[in-house]
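Notes follow the structure.
Bear in mind that the values in this text are calculations on the coordinates, not laboratory data. It should be emphasised that the depicted structure is a prediction, and the values quoted were computed from it without experimental measurement. Because the Cβ atoms are built from the backbone with ideal geometry, glycine has one as well, and the counts that use them run over all protein chains shown.
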């Protein structure tokens, strides 16, 4: 088990990178997580230090169902959630890296309690659904050297979220497959979008139970994304981007370098 001092030291380094946009090596072996619990402990400390240093809060979460027993969960900070382009980001080279998703907003709290929440209770707490783009940035200079636990500790390469137009909630709830079209600056492509867990609320149900077990709840106003329909897309900076979810809607966005 990593000591409290080493958890704090690891988090301090990762928070510095979040603030500066710098990339660095994997953590020192004495601070480097080797399992879910260690990585989540560092991630939680990152949240505490970040929110204290920049006067922020947890505005939402990203999640998927566990992959081969590995947790896929990370906070999205309120100050990094945007709705009005252009969106300032840390670019990767000359491009923005994005993941097309659906975002579920909670209209009421799901506080910690002894009993698990039923799916119907969670559904009833969701107030609206939006198109969204997760904003991706790896704060490790050599991603190939990272384990899943390195990335889990650092928030699973999340640097924020762009929330697009609201969509029909019932239609989106069943949208395991979404055909997409991406258009920008003379480029046009079609994508056969497929949610990695089938119905897109499936990971959300897992998240609520996971947080309950950690002594954490969902707060009204928080937003949850549950997995990319098309992996990571790379798009140019300072360019108008249009992405259509066929049958649901379309969004337009532009990214600029911080």
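Summary table below
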item: Alpha-carbon centroid distance for the pair region 33-97 / region 132-151, whole angstrom; result: 10
item: Stokes-Einstein translational diffusion, region 58-257 - Kirkwood Rh over all Cα pairs, 0.890 mPa s, 25 °C, in µm²/s; result: 143
item: Alpha carbon centroid spacing (whole Å) that separates region 213-258 from region 152-191; result: 5
item: Mean ellipticity per residue at 222 nm, deg cm²/dmol - from DSSP H runs of n ≥ 4 across the chain, formula -39500 (n - 2.57); result: -7500 deg cm²/dmol
item: Theoretical gain in end-to-end length, residue 78 to residue 219 [0.36 nm per residue, Cα-Cα removed]; result: 49.5 nm
item: Linear extension gain, residue 240 paired with residue 188, 0.36 nm per residue minus alpha-carbon span; result: 17.5 nm
item: Paramagnetic label zone (point 7 Å from Cα along Cα-to-C-beta, residue 67; backbone N under 12 Å) in region 165-195; result: none
item: Stretchable slack from residue 114 to residue 16, in nm (0.36 nm times residue separation minus alpha-carbon distance); result: 31.6 nm
item: Relative contact order %, the chain, counting alpha carbon pairs below 8 Å whose residues are six or more apart; result: 26
item: Region 196-243 - Rg and Dmax from Cα coordinates, angstrom; result: 15.2, 43
item: Pair residue 127, residue 94: separation of 7 Å Cα→Cβ label points (nm); result: 4.2
item: Whether region 149-202 is rounded, prolate or oblate, judged on the alpha carbon gyration tensor where a/c under 1.5 counts as rounded; result: oblate
